[in-house]
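Undergrad: Can you read through this structure? Questions will come right after.
Coordinate-derived values only; no laboratory data. Source: prediction; values computed, not measured. Cβ coordinates were reconstructed from backbone atoms using ideal geometry, including for glycine residues, and neighbour counts include every protein chain displayed.
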Amino acid sequence: MYLRTMQNNLVSILTPFKNTEAYLADCITSILQQTYSHWELIIIDDASTDASYELVNAFAEKDPRIKLFKNTGNGIIDALRLALKHSKGQFITRMDSDDVMLPNKLAVLVHNLKTFGEKHVAIGLVSYFSADGVGEGYKSYETWLNNLTKSGRNYDEIYKECVIPSPCWMVYKNDLMACDAFNPNLYPEDYDLTFRFYKHRYTCIPCDKVLHKWRDYSTRTSRTHVHYAQNHFTALKLHHFLAIDYKPEKTLTIWGAGTKGKIMANILIEKNIPFEWICDNPKKIGKAIYGKTLMEFQALSKLKNTQSIITVANKTAQKEIRQYLESLNLEPIKDYVFFC
């Protein structure tokens with residue numbers, strides 16, 4: 001209904017690709033089939049060694065809205081910068097070269113952005129699919145993410161995981177430039193961008209429609225690339241926490257002495273940021289790691305003015321920790337954040 005009055009707003013779709021020959025035709029076809037037709041696809045070849053470039057070029061020769069370039073740098077962030085440089089749209093969105101848009105995706109996102117205006121992020125529900133079947137972990141993430149998106153309360157759990165799906169958002173170009181997107185080289189780049197939206201207080205627009213189909217397969221970048229390893233996720237979360245929500249006047253406390261807790265402790269020590277360390281493993285309580293003695297969780301009640309980072313992954317333990325924190329009248333973000 002609203003399409004007739006909205007087709008004058010150009011949407012720039014930023015899409016890097018590398019060796020996704022098997023999926024690119026499905027991806028581009030789904031863009032060509034959008035009910036909202038006033039778009040440009042800025043698609044960047046990031047040094048593909050298969051026939052991906054030739055495949056995309058064949059589409060570009062038939063439709064002038066498809067603008068194909070070769071990455072002048074190295075990697076996905078350089079490719080995204082180049083795509084953004086060539087974009088001319090008032091609205092910017094991103095698309096992964098191995099995924100599929102539902103036909104109404106652009107129409108819904110544009111409508112929501114125009115309805116709510118600048119300093120908003122239009123998002124939509126996502127659905128994983130795979131030739132081999134979607135694993136429980138991905139289905140759980142999909143459910144968690146979509147529940148946040150339905151209410152628009154994505155930032156409530158931003159330190160757990162990326163709460164805005166990388167290929168299913170749209171913003172005003174001015175807002176994307178204002179938050180200095182894709183600068184500097186911080187990985188994972190989609191999670192970094194989400195934190196930038198959060199830092200600039202861009203409001204997530206609730207959406208109850210599935211707009212994007214997310215393809216899962218064994219060689220997908222998020223499964224295999226070093227930039228998506230746990231140490232990068234933990235370092236990125238801590239980087240943004242310290243810049244956005246950390247209160248130096250509070251006593252910073254780490255919960256958990258597993259891999260994430262140790263990565264975090266190392267970073268804090270390198271930055272000379274003081275912290276206390278709590279652990280629920282009886283074998284570790286009272287022992288020192290990196291020169292810090294681990295305390296039992298009841299010690300939190302004796303510490304003054306605390307801000308805790310919880311790195312404990314066990315769901316049952318998380319529930320118990322949350323109940324304990326609430327019994328002390330502590331508040332999310334202000335007094336504690338869950339990092340997993």
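Undergrad: As I understand it, the value is the acute angle between the Cα axis of helix 52-62 and the longest principal axis of the Cα atoms of the chain; what does it come to in degrees, rounded to 10?
TA: 40 degrees
Undergrad: Cβ neighbours within 10 Å, averaged per peptide: list 49-55, 333-339, 129-135 in order, most packed at the top.
TA: On the way: 49-55: 14.9, 333-339: 17.6, 129-135: 11.6.
Listed from highest to lowest mean packing, they are 333-339, 49-55, 129-135.
Undergrad: For helix 21-32, what angle does its Cα long axis make with the longest principal axis of the chain, in degrees from 0 to 90 and rounded to 10?
TA: The answer is roughly 70 degrees.
Undergrad: Next question. In terms of Cα to Cα distance under 20 Å, which aspartates and glutamates are near enough to LYS114, apart from those fewer than 8 places away along the same chain?
TA: Once the sequence-local aspartates and glutamates are set aside, what remains near LYS114 is GLU40, ASP175, ASP208.
Undergrad: Can you find, among LEU68, LEU268, VAL121, the residue farthest towards the positive end of the dipole of the chain? Put +1 on the C-beta of Lys and Arg, -1 on that of Asp and Glu.
TA: LEU268
Undergrad: While we're here: Mind checking which of LYS260, LYS18, LYS315 has the largest fluctuation in a GNM of the chain, springs on alpha carbons under 10 Å?
TA: LYS315
Undergrad: Going by alpha carbons, how many degrees (0 to 90, nearest 10) lie between the helix axis of 105-116 and the longest principal axis of the chain?
TA: 70 degrees
Undergrad: Using alpha-carbon positions, what is the distance between the centroids of the stretch 251-277 and the stretch 1-71, in Å?
TA: 44 Å
Undergrad: Compare the Cα positions of LEU252, ILE285, SER327 along the charge dipole of the stretch 230-338 (+1 at Cβ of Lys, Arg; -1 at Cβ of Asp, Glu; about the Cα centre) and return the one farthest towards the positive end.
TA: The residue sitting farthest along the positive end of the dipole is ILE285.
Undergrad: What relative contact order, as a whole-number percentage, does the stretch 64-193 give when Cα pairs under 8 Å and 6 or more residues apart are counted? Intermediate values should be presented prior to the final figure.
TA: On the way: 112 pairs, mean separation 43.3, N = 130.
For the stretch 64-193, the relative contact order is 33 percent.
Undergrad: Could you tell me what percent of the DSSP beta bridges with both partners in the chain are antiparallel, to the nearest 5? Mind dumping the intermediate values first?
TA: Numbers: 9 of 46 bridges.
Restricted to the chain, the bridges split so that about 20 percent are antiparallel.
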